[in-house]
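Encoded as structure tokens, the structure appears first; notes follow it.
The values are calculated or read from the model by the stated rules, or taken from the named source; none is laboratory data. Fair warning: this is a prediction, and the values are worked out from it, not measured in the lab. Cβ placement follows ideal geometry from the backbone for every residue including glycine, while neighbour counts extend to all protein chains displayed.
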Amino acid sequence: MKKVEAIIKPFKLEEVKKALSEIGIVGMTISEVKGFGRQKGHKEHYRGAEYAIEFVPKIKLEIAINDADVEKVVEALLASAKTGSIGDGKIFVTDLSEVVRIRTGEMGESAL
């Protein structure tokens, strides 16, 4: 089992959600987060004054999947979240040692 975490631009969420749905991914957790990478934030102007925005708003998706689905999930994320400009985000894939469905007590891949 794997956990795929993706940090994406907020306006790409619907497109990403649709792409994941089309490949059969029905469950995910989404959080509104802030952060920065190489872009180091950006500057905005408000009433004639310039402000530095250090932490850029992003969306974090978390998806628990079977090992066999990793490649197609990563490909769907790449295709749907990419704009080609700085700040498109990152995808992290990590191992899950255990998953337990709270309602039924199911464990492992059957709990996904």
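What to note about this one:
Each row is one residue, and each column tells you yes or no for (1) of a type in the set (G, A, S); (2) touching a residue at least 24 places away in the same chain (Cβ under 8 Å); (3) under 16 Å from M28 (Cβ atoms).
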| residue | (1), (2), (3) |
| --- | --- |
| A49 | yes, no, no |
| K58 | no, yes, yes |
| L61 | no, yes, yes |
| E71 | no, no, no |
| A76 | yes, yes, yes |
| S85 | yes, no, no |
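- Test for G35: is it in contact with a Lys or Arg (Cβ under 8 Å, 6 or more places away or on another chain), modelled with pLDDT under 95 and not β-branched (V, I, T): yes
- Within the range 65-80, considering residues that are β-branched (V, I, T) and surrounded by fewer than 17 Cβ atoms within 10 Å (Cβ to Cβ), the one nearest to A111 (Cα to Cα): V70
- Whichever residue in the range 8-32 is among the β-branched types (V, I, T) and farther than 13 Å from A79 by Cα and, among such residues, is modelled with the lowest pLDDT: V26
- From the options E5, E44, E62, residue that is part of a strand (DSSP E or B), modelled with pLDDT of 95 or more, surrounded by 10 or more Cβ atoms within 10 Å (Cβ to Cβ) and in contact with a Phe, Trp or Tyr (Cβ under 7 Å, 6 or more places away or on another chain): E5
- When E98, E50 are checked against the criterion of being more than 14 Å from the chain's Cα centre (by Cα), in a loop (DSSP other than H, G, I, E, B) and among the acidic types (D, E), a single residue qualifies: E98.
- Residues of the range 8-41 that turn out to be part of a helix (DSSP H, G or I) and without any contact (Cβ under 8 Å) to a residue 12 or more places away in the chain, as a count: 4
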